[in-house]
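Sharing a structure with you now.
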Amino acid sequence: MSYDVYLLPAALAGADPGAAYLRLLEDEEAEAVPDAPTPELEVELRAVADELLAVDPHFELHGPFPGLSFWTLQLVDERPSTALVELYPRYATVQLSYGTDDTPLATERLLDCVRVFAGRGFVAYDPQLERTLDPHRDAAEIQATLDRVRNEVFPPEPRGLLARLFRR
């Protein structure tokens with residue numbers, strides 16, 4: 001389970017990013033495999049990846065993967081409370097695990113990624129909030145959603161008095 005944000009090129013997002021997001025979901029459900037990017041688009045996607053690597057040097061770039069039926073680049077950071085970024089020919093995603101222990105840090109890392117994409121003409125659509133994401137306006141709501149879902153899905157284990165006293 002992850003908190004996902006979709007990054008849509010402005011031309012794809014159009015006047016209604018929510019509708020564009022739903023079209024992408026329909027394409028995925030119909031198993032419409034996107035074509036590999038044009039060489040020009042691949043250069044643009046790699047430039048976005050390079051900028052993300054500059055923002056977070058802990059990211060490792062993976063892909064494209066020749067064995068997969070679709071083209072993707074992934075930016076992976078193995079540290080806790082980090083984002084996973086996936087770049088596809090038509091859009092990108094930034095994902096956070098709901099199991100993160102440090103929701104303020106995870107939220108900030110997600111928003112760092114969103115800022116990079118926004119600076120390159122992408123529109124961030126947040127399906128959890130069901131609206132276009134604004135990194136300044138929505139940070140507290142993203143963090144609250146992460147906290148709420150984490151506590152529902154991964155409830156804290158009840159601990160006895162002795163364990164609490166001795167911090168075990």
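The values are calculated or read from the model by the stated rules, or taken from the named source; none is laboratory data. Not measured: the values here are computed from a predicted model. Because the Cβ atoms are built from the backbone with ideal geometry, glycine has one as well, and the counts that use them run over all protein chains shown. Only protein heavy atoms, including side chains, enter the accessible area calculation; ligands, DNA and RNA are left aside. Shrake-Rupley method; radii C 1.70, N 1.55, O 1.52, S 1.80 Å.
Gain in length, Glu40 to Asp147, computed as 0.36 nm per residue apart minus the alpha-carbon separation, to one decimal in nm?
Working: separation 107, 0.36 × 107 = 38.52 nm, distance 4.01 nm.
Full extension from Glu40 to Asp147 adds 34.5 nm.
For the chain, find the longest principal axis of its Cα atoms and tell me its angle to the long axis of helix 39-55, 0 to 90°, nearest 10.
30
Can you pull the percent of segment 39-168's accessible area that's carbon plus sulfur, 1.4 Å probe, other chains left in place? Intermediate values should be presented prior to the final figure.
On the way: 4040 of 7360 Å².
The C+S portion of the solvent-accessible surface of segment 39-168 is 55 percent.
Normalised by the residues of the chain, what does the relative contact order come to in percent, with Cα pairs under 8 Å and at least six apart?
Reported as a whole number, the value is 28 percent.
Moving to a separate point now. List the longest stretch of the chain that has no exposed loop site; here a site is one of the GluC sites (Glu not before Pro) assigned by DSSP to anything other than H, G, I, E or B, with at most 15 other Cβ within 10 Å.
On the way: sites that count: Glu31, Glu78, Glu130.
So the longest stretch without any such site is 79-129.
Run the numbers on segment 38-126 and let me know its relative contact order in percent, using alpha-carbon pairs under 8 Å that are six or more apart. Let's see the in-between values first.
On the way: 108 pairs, mean separation 18.1, N = 89.
20 percent.
Then there's this: Please sort by residue number the chymotrypsin sites (Phe, Trp or Tyr not before Pro) in segment 1-84 whose DSSP state is loop and whose Cβ has at most 16 other Cβ atoms within 10 Å.
On the way: sites: Tyr3, Tyr6, Tyr21, Phe59, Phe70, Trp71; in loops: Phe59, Phe70, Trp71.
Here the sparse-neighbourhood loop sites are Phe70.
Under the rule of -39500 (n - 2.57) per DSSP H run of 4 or more residues, summed and divided by the residues of the chain, what mean residue ellipticity at 222 nm is obtained, to the nearest 500 deg cm²/dmol?
Details: 6 runs with 71 residues, N = 168.
Calculated from helices alone, the mean residue ellipticity at 222 nm is -13000 deg cm²/dmol.
Quick one: angle between helix 139-153 and the longest Cα principal axis of the chain, in degrees between 0 and 90, rounded to 10, please.
For 139-153 against the chain, the angle is about 60 degrees.
Taking R0 as 25 Å, what's the FRET efficiency between Ser69 and Met1 from their Cβ-Cβ distance, rounded to 0.05?
That gives a FRET efficiency of 0.55.
So what is Rg over Rh here for segment 1-124, counting just Cα atoms and using Kirkwood for Rh?
Numbers: Rg = 14.2 Å, Rh = 14.9 Å.
Value, to two decimals: 0.95.
Please work out, to two decimal places, the log10 of the ratio I(q)/I(0) at q = 0.16 Å⁻¹ from a Debye calculation in which every Cα of segment 15-86 carries one identical scatterer.
-0.75
Right, another one. Relative to the first principal axis of the alpha-carbon coordinates of the chain, what is the inclination of helix 17-29, with its axis defined by its Cα atoms, in degrees from 0 to 90 and to the nearest 10?
Value to nearest ten degrees: 90.
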